[in-house]
1. Criterion first (under 25 Å from A:Glu71 (Cβ atoms), assigned to a helix (DSSP H, G or I) and among the polar types (S, T, N, Q)) does B:Thr111 satisfy it?
2. Kindly indicate whether any position in the range A:84-103 is within 14 Å of chain B (Cβ to nearest Cβ) and β-branched (Val, Ile, Thr).
3. Taking the condition small (Gly, Ala, Ser), surrounded by fewer than 19 Cβ atoms within 10 Å (Cβ to Cβ) and modelled with pLDDT of 85 or more, does A:Gly134 pass?
4. Has the range A:205-226 got at least one residue that is away from every other protein chain (no Cβ under 14 Å), of a type in the set (Lys, Arg) and free of Cβ contacts under 8 Å to residues at least 40 places away in the same chain?
5. Filter the range A:1-39 for residues that are aliphatic (A, V, I, L, M), in a loop (DSSP other than H, G, I, E, B) and more than 8 Å from chain B (Cβ to nearest Cβ) and give the result.
6. Do we find a residue being in contact with a helix residue (DSSP H, G or I) (Cβ under 9 Å, 6 or more places away or on another chain), part of a helix (DSSP H, G or I) and more than 10 Å from chain B (Cβ to nearest Cβ) anywhere in the range A:56-77?
7. May I ask you to list the residues in the range B:24-38 that are touching a Gly at 6+ places or on another chain (Cβ under 9 Å) and either outside any helix (DSSP H, G or I) or within 14 Å of chain A (Cβ to nearest Cβ) (or both)?
8. For the range B:50-73, state whether one or more residues are within 24 Å of A:Ala34 (Cα to Cα), away from chain A (no Cβ under 11 Å), at pLDDT below 90 and in a loop (DSSP other than H, G, I, E, B).
Amino acid sequence: MKLTSDQIERLYQFTRQHYVEYYDLQTELTDHLANGIEALWNENPKLSFEEALQIEFKKFGIFGFMNVVEERQIALTKKYNGLVWQHFKDFFKLPQILGTLSAILVIYRILTFLADVYMIFMILFAVIMIFFFGGLIVMRIKNNRLNKQSGKKWLFQEIIFSYGRFAGFSYLPMQLFIHLEGISKTNYGIIFISVVLVLMILLDYILLIRIPKKSEEYLTATYPEYKLM
Amino acid sequence: MYICEKDFMKSSQLYKGSLNTIIMKLLEENGRMYGYEITKKVKEITKGELKITEGALYPALHKLEAEGFLEVEVEKVDNRLRKYYKLTESGTTETVNRLSELEEFIRNMQTLVNPKLSY
């Protein structure tokens, strides 16, 4: 005995009721539950759909789907970090590394020409941060719009459009720069600041432009069903 | 007694570290599989002695996928979508490595637990 389309829809609803927000996971769990229910019906055809569903759901343990959702989040965040790192490494290969080094040199020259290095540095830092958080807001809006359009939420899309865990790390450079006033007076200090600034700009560029631009490609590779929708 | 033994095997820590290798070995043999099929197959092969719980299977599959060892295909089967997993090129190489590691582990354990077998 096979499940009807209405029963499949009920399974999707069931996963949503059990806090599975994302369509990719809903689909996988729905198919799993459906297979389980059909197998139970083969053994005992008198079992009702809801009874069979409860039996199958119990197999996921007392936390239900929670563990599956959490672990999926961890796995996809790891995948995203891998993507960021891959793009980051690109800037340190030939010929891009020439551009990276030139950028460091240009910022170093600008900083050494100016009297108040720390002030200029703080302004540049503020501009980078404005782009970082401004971009985050714009991408969140885009993500919500895409969700509304399709009526479905995709976990990897959400990770891409919210920088994964990177948004939470932004306090680190802030902490670092509070203590930078002293070192901005030495030559090595200015080199260090130039390197940090360029690395931040690169990270901004990767998180804000490069990865979102290729998001469709990454999402299709992660979810073959993404294009079917 | 038998039930106790079975329950022990199901929850045994010894199996936890081997879950990924079991999944990869099955995919190597069967080409591509979906989640439910994997749990069924393990139960079938081990005659019900070893059961992969649903709560452990999907996290393991998703982790292997994120690490680039598995890739996915989605197909409409009956009136629903089904997600199939298969080994990538690096996944195939990794399976060979993990299996030889596991075999070596089993050999060492046999020697330790039952020294007579080493003769």
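1. Judged against the criteria, B:Thr111 is not a match.
2. yes
3. Yes; evaluated as a whole, the condition is true for this residue.
4. yes
5. Those that are aliphatic (A, V, I, L, M), in a loop (DSSP other than H, G, I, E, B) and more than 8 Å from chain B (Cβ to nearest Cβ): A:Met1, A:Val20.
6. No, every residue in the range A:56-77 fails to be in contact with a helix residue (DSSP H, G or I) (Cβ under 9 Å, 6 or more places away or on another chain), part of a helix (DSSP H, G or I) and more than 10 Å from chain B (Cβ to nearest Cβ).
7. Of everything in the range B:24-38, just one residue is touching a Gly at 6+ places or on another chain (Cβ under 9 Å) and either outside any helix (DSSP H, G or I) or within 14 Å of chain A (Cβ to nearest Cβ) (or both), namely B:Tyr36.
8. Checked against the condition, which is being within 24 Å of A:Ala34 (Cα to Cα), away from chain A (no Cβ under 11 Å), at pLDDT below 90 and in a loop (DSSP other than H, G, I, E, B), the range B:50-73 yields at least one hit.
The values are calculated or read from the model by the stated rules, or taken from the named source; none is laboratory data. None of the values given here were measured: they were computed from a predicted structure. Ideal geometry is used to build each Cβ from the backbone, glycine not excepted, and the neighbour counts take in all protein chains shown.
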